[in-house]
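What follows is a set of notes on a single structure, which appears directly below.
Bear in mind these aren't lab numbers, they're just calculated from the coordinates by the rules spelled out. Since the structure is predicted, the reported quantities are computational estimates derived from the model, not experimental observations. Neighbour counts run over all protein chains shown; Cβ positions are idealised from the backbone, glycine included.
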Amino acid sequence: MSCPSAARIRRKGWNLEVALPSLTNRLRGIAPRAQCEALLPVSDRSFETPNVFDPVLAEIRFGCGRAPQIEAPQSVEQMMTRLRGSDEAARAYPIGRFDSLIARNTVFRQMRSQERGLSRDLADLDAEDPARGAMTRDLEALHLRITEHIRKGRRREMRDFGHEIQRRITTRDGLRERLTAFWADHFTAHSKNQQLRPADAAYVEEAIRPHVAGRFADMLRAAATHPVMLLYLDQAGSIGPNSRSAKTGSKRGGMNENLAREMLELHTLGVDGPYQQSDVRQLAELLTGLSYAPAKGFVFRKGHAEPGYETVMGKRYGGGKPVIEDIYAAFDDLSAHPATARHIAEKLARHFVSDLPDAGLVAALETAFVDSGGNLATVTEALLRHPAAWGPDHGKVKQPFDFVTSALRALGAGPRHIPVKHRQRMRRYLHTPLAQMGQNWHRPPGPDGWPEEDAAWIMPQRLVARMQWAMTVPFALMKLLPDPEDFMHMALGNRVTPDLAFAARGAETRAIGVGLVLLSPAFQRM
C-alpha cells in the first residue's frame, strides 16, 4: 500500500471530510519509511542549489520560516547583526523567571503542610465533636486554594508556551530562536516535580538564551548551576562520601554521577570523547556542593563538597577549602578541550544542514570554535558563511515545533491568533498535536534531547498527526486563509514543484489547498 499523493487527492476531488479519514487510514500502521516516500520524498525537488546567500533559504533553514509581512534577511551580516543585537522578541513576549517561582512554591509547601495537619486533626476528632464542622469547612477552603494555586501554575506554563510560539511567528531574528532551541536541546533539562513545570521555560530563558551569541563556557556554567538542571540530574542531593555532611550524618544520601557523566558525554567531549570512568567519578566528586534550596534556588554547599584534589582529564582541581571557583575552572577547561570543539561542530552541522554533514563544514566549525575560544557567534557565522550550509540536498525534516510555528508564520498568523489566555484551546490546537507528532513541549525523552535523525520524525503515526493538524488547525485558528497558490509561492519561493502547483491550484477549498502545501516535501524540509 502506498501513501496517496497530493495530486491524487485533487484529481479525486475529495473534500476535507473524505480526504482526512482516507489518508489517516492509509498511513496508520505502515512502518517502513520507504512506504511513505510519496509524502516526504527528497528526489522530486527541482529548485537550484544557491552558490551565494539566499534570503529564502536563510529564513527556511536558519530562521523560523518565511512570513508575508516580514522581510527576510538580505545577508549574513544582517543576520549576525540581529543576533548580536537586542532581544526584541523576548521583550515583546516575556517568559516567567525562576525566582518568581520560589515564593510561589514556598506558599504551596505551606498550604500542603497545613492540609496534612488539618487532615490529621480532623481524623483524631470524634464524630460528634462540635469542632468537626468548622474544621471540615477550613479544610475544604484550603483544598480550593490549593486547586487554584495549581491552576495558576498551569496557566503560567501555557502562557509561556504561547509566548514561545508568538516569538517564532513575529520575529525578524529567526536565527536567535532556532539557536535557542538547539542549545536548550543540547543542555536538556526539565522539571520532574509538577509544581516546578513552569520552571522549564525559565531555565531556557535564563541559562540558554542570553548566551547563544556568547561564550560556550558561560552557557555551560549557567546550565550546570541552574536549579532545573541540578534537580533533573539529581545533583542537588549529591554529597561527597568524605564530606563534612557525610561524616556528621546531618544529611542522608550519597554521591550522584549523573551530571558529571552527562557533562562529559553530552555537553562537552561527546559520547566518544577521550574520557574514562575515572574522569566521571572525579568530576562527580568535584561537583559535590552544587545544590538547590527551595527558598533560595541555586546554592553552593561547602559541607557537601568532597575534600581533597580531583583529577579530571589529567588536570588537578581543588585541594584546599571547597570553593566554587574550582568547579568553574573545570568547566572552562572542558569547554576549551579539542574534543568539545569537534562534538559541537558535528552537532551543529547535523542539526541545521544534514544528518550526514559535509566534512569541510564540520572542520570549519571546529576551527572557528577553537580559534575563537568557544565564541558561539563566531561559530554561527562560520556556519552561515560555508557553501555546504546552503545546498538544498537532503534538507532536514522539520521537527514538530519548527513545522507548526513555520506554518503559522507562513500563514501570516499574528499574536491574536494564538489563544494564550485559553488553556483548553492552546492544548487542543497546539500543545497536544505537538505531542502526537512526537515532540511534547520541553519534555524530551532523555538527557540526550530530541533525536536529530530524520527517520525519528517521519514515522507513519507521526505523519498522520502532522496531516491532521495541517488540514484542520490553520482554519480553526485563523478562519480566513490565504489563496493556496499565493500561499505556496510566498512560503516556498523557488521550492515550488509542478506537482505541488497543480495540487494547490486544483484544491476544492482553501483549507485543503493550504493543507496540501504544508504537507508537501518542500515545506516539511528545512
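Each residue of the stretch 288-301 in order: what ³J(HN,Hα) in whole Hz does its phi give by Karplus 6.51 cos²θ - 1.76 cosθ + 1.60, θ = phi - 60°, with x for Gly and Pro?
4, x, 6, 8, 9, 10, x, 8, 10, x, 5, 9, 9, 9
Mean separation of Cα pairs under 8 Å and 6+ residues apart, divided by the residue count of the chain: what relative contact order is that in percent?
22
Relative contact order for the stretch 95-205: what percent, with Cα pairs under 8 Å and sequence separation of 6 or more?
Computed over the stretch 95-205, the figure is 43 percent.
Over the Cα atoms of the stretch 235-330, compute the convex hull volume and normalise it per residue, giving Å³.
Spread over its residues, the Cα hull of the stretch 235-330 gives 93 Å³ apiece.
Any idea what the relative contact order of the stretch 338-385 is, in percent, if you count C-alpha pairs under 8 Å spaced at least 6 apart?
About 36 percent, as a whole number.
Kindly flag which residue pairs out of LYS347/LYS398; LYS247/LYS321; LYS192/LYS347; LYS396/LYS479; LYS247/LYS302; LYS152/LYS192 have an alpha-carbon separation exceeding 20 Å in this structure.
Correct reply: LYS192/LYS347; LYS396/LYS479.
Could you pull the Rg and Dmax for the stretch 91-214, using just the Cα atoms, both in Å?
20.5, 69
Taking H as built 1.01 Å from N, whose amide H comes closer than 5 Å to the amide H of ARG525, not counting residues under 5 places away?
Amide H neighbours of ARG525, under 5 Å, 5+ apart: LYS398.
List, in order, the whole-Hz ³J(HN,Hα) value for each residue of the stretch 238-249 obtained from phi through the Karplus relation with A = 6.51, B = -1.76, C = 1.60 and θ = phi - 60°; use x for Gly and Pro.
Each residue's phi maps through the Karplus curve to give 6, 10, x, x, 10, 6, 4, 5, 5, 6, 7, x Hz.
What spacing in nm lies between the two simple spin-label points modelled at HIS143 and ARG505, each 7 Å away from Cα in the Cβ direction?
Modelled inter-label distance: 6.5 nm.
What per residue convex hull volume, in Å³, comes out for the chain when only alpha-carbon positions are used?
Dividing the Cα hull volume of the chain by its residue count gives 174 Å³.
Could you pull the Rg and Dmax for the stretch 338-385, using just the Cα atoms, both in Å?
9.3, 26
Which value, in debye to the nearest 20, gives the size of the charge dipole of the stretch 235-330 about its Cα centre, when Lys and Arg are +1 and Asp and Glu are -1 at the Cβ?
Using Cβ point charges on Lys, Arg, Asp and Glu, the stretch 235-330 gives about 600 debye.
Residue by residue through the stretch 402-407, which ³J(HN,Hα) values in whole Hz follow from phi under the Karplus form 6.51 cos²θ - 1.76 cosθ + 1.60 (θ = phi - 60°), with glycine and proline marked x?
5, 4, 5, 6, 5, 5
Could you work out how much longer the chain between GLU325 and ASP486 gets when fully extended? Use 0.36 nm per residue separation minus the Cα distance between them, nm to one decimal.
Length gained between GLU325 and ASP486: 52.2 nm.
For GLN276 and ASP355, FRET efficiency with R0 = 41 Å and r from the beta-carbon atoms, rounded to 0.05?
With a Förster radius of 41 Å, E is 0.90.
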